[in-house]
């Protein structure tokens, strides 16, 4: 009897240990899946996605996924030269605020592009959005050159389109079909008086190379980036 009791007891203990191990495995898997989902929420692939937003997304789908509190529907999207459109804003009022302009403006679906970078100066590192190639809000001009693999051209500062990258010059941030689904707008600390004299050298409605010594010294950062869809 004692032998039988011992065998039964060992069997119960073994099953209990196995059950605990399986539960741990399930929990670990769930955590991993959750972690991947969180990362995916901020990952941007030019031409394909901006977090959960893909070429076939709609405003209603975003409400279903993110909740009404995180989606500002039929909101005003402001552009350059006083232009504006009606689109959708997600995470409004936070460092991760993003503006969505739709191709189908009647049904608010099929995004044309998503713009990211609506954050107060000095808080660029609070933005969680990032591009798979390493670009994010706050990336410096010299870093952007390294990611692109060669110098690029941007428009001079001091006007509505100032700081916009106008030509990647065949670098890695341009697709094989000579297009780019990633647009960049650079900025610098306008309140820093020490930068004023340098910034004056790269001002106005003209194109400057990133390798320009004044541009290198100013070393502006990515203030906004825009993901377009194929």
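Throughout, read-outs are computed from the coordinates displayed, never taken from laboratory work. Not measured: the values here are computed from a predicted model. Quick reminder, even Gly has a Cβ in these numbers, built from the backbone with ideal geometry, and neighbours come from all protein chains shown.
Values computed for the structure shown
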item	result
DSSP bridge pairs, the range 86-230: antiparallel proportion in percent, nearest 5	95
Spin-label proximity, residue 169 to the range 200-230 - amide N less than 14 Å from point 7 Å beyond Cα toward beta carbon	207-216
Pairwise label distance in nanometres, residue 159 with residue 203, each label 7 Å out on the Cα-Cβ vector	1.3
For the range 102-230: span of alpha carbons on each principal axis (Å, largest first)	48, 33, 27
Computed over the range 53-228: relative contact order in percent, which uses C-alpha pairs under 8 Å that are six or more apart	19
Residue 126 paired with residue 147, simple spin-label distance in nm, labels 7 Å along Cα-to-beta-carbon	2.1
